[in-house]
Structures are given as structure tokens and as C-alpha cells.
Amino acid sequence: PAKPAAQSPMKLTALQLLLWHSALWMVQEATPLGPPSSLPQSFLLKCLEQVRKVQADGAALQERLCAAHKLCHPEELLLLGHALGIPQAPLSSCSSQALQLTGCLRQLHSGLFLYQGLLQALAGISPELAPTLDMLQLDITDFAINIWQQMEDVGMAPAVPPTQGTMPTFTSAFQRRAGGTLVASNLQSFLEVAYRALRHFTKP
């Protein structure tokens, strides 16, 4: 029994150090930089306007996919979406249960960055859908830039910019169109959560 006892102080110190590091990381990740009013109202109102614009673009893409290709029910394509590996952007820090300013803005920016990559992967979806897709990409890019610039201005930007990770590969016209239906549907859900959070942040 004496030998394990002799080793335990070193193990305990290592464990304490590990716990301290993880606790410090959690504090850095989770600590809000101030109340909602610490962001300029002009920025928040512009964000709300951009959410509405991207929502309108996404709805236009959904309508065209439905009208031209009869892809009207994204819930029927969930298995295919899983097989294709279409990722979803987390917005846990923007949910009403765990709303947190810094984390929410970072997740919002990362999510928009992810959707930029997904829309790029859909390139070549069909000639009639290309202008709608281009407009959606452009508005998402503007929104992401707006958020990043504000995060930099108030010192919220992460040290390492987000990466898109592996994007799905669409090997047929049907996969691109089905993928477009799912991406547009996921984007709308993402934006609904973002809009509610941004509305909260506009309150004094």
C-alpha cells in the first residue's frame, strides 16, 4: 500500500493542473464580455436586417427547388443528407436556455462560414438556380464579414479564424438539388435561432 501512496502526490498534481487548465479554458470560452448593450445598436439592427435578407434568399432557393424539381419536403431527404455528410452548424450559445454574447457571435460567424462552404459545394446545381444561389452566397458573405469586423472591434474575435472542415461531395445533379433543399432548410432553422438571439441583444 505504501508504494501507490508515494506516487499519488504526483498524480494528484497532474490531475489538478489538468482540471485547472480545463476550468480556465471553460471560463475563457463561456464568460460574456458584458451585457447585451455592449454591442452598438446600429450593428445589431444591421444584423437583423441581414438575417431577414438571407432568409428571403434561402426561401427563394427553396421555392425554386420545389417548383422546378419537386423537392418540397426536406424532412423526406434527411437520410440522404446523413449519407452525404451534410453538416449542421451548432448555435448552442445562442439558444434561449444558454444565451451568451461572445459564444453566440462566434458560433454565428462560424455557422455562416460553414454555409458559405456548403453553397460553394452546390455550385453547378442548375443554370436556372445559379443566380439565386449566387445571391444567397453573397449575402451570407456580407453578413459573416459584418460579424467578424464587429468581433475584432470589441476584442471578441477568436485568435484562430474558423475553418470549414470537409465539405460533402455531390456526385450527381439530383444529389446537388437534394443537398440544396437540405442546406436551405438547415440555414432557415439556423437563422431563426440567430434572429431570436440578436433581438434579445438589442434590448437595453
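The values are calculated or read from the model by the stated rules, or taken from the named source; none is laboratory data. All values reported here derive from a predicted model rather than from experimental measurement. Glycine gets a Cβ as well: all are built from the backbone with ideal geometry, and neighbour counts include every protein chain shown. Keep in mind that these areas ignore ligands, DNA and RNA; they rest on the heavy atoms of the full protein, side chains included. Shrake-Rupley method; radii C 1.70, N 1.55, O 1.52, S 1.80 Å.
Here the range 98-164 and the range 65-83 have alpha carbon centers that stand 23 Å from each other. Of all aspartates and glutamates in the structure, those lying under 13 Å Cα to Cα from LYS53, and not within fewer than 8 positions of it along the same chain, are ASP139, ASP142, GLU192. Protection proxy ranking of 158-166, 129-137, by the mean of other Cβ atoms within 10 Å over each peptide's residues and highest first, is 129-137, 158-166.
Averaging the sequence gap over all C-alpha pairs within less than 8 Å and six or more residues apart, then dividing by the number of residues, gives the range 120-190 a relative contact order of 52 percent. Per the 1.4 Å probe, what fraction of the accessible area of the range 33-147, in percent, lies on carbon and sulfur atoms? Of the solvent-accessible surface of the range 33-147, carbon and sulfur hold 60 percent.
Quick one: compute the contact order of the range 72-204, relative version, from alpha carbon pairs under 8 angstrom and 6+ residues apart, as a percent. So the answer I get is 39 percent. Packing, as the average of other Cβ atoms within 10 Å across residues, places the peptides 142-155, 69-82, 188-201, 99-112 in the order 99-112, 188-201, 142-155, 69-82, highest first.
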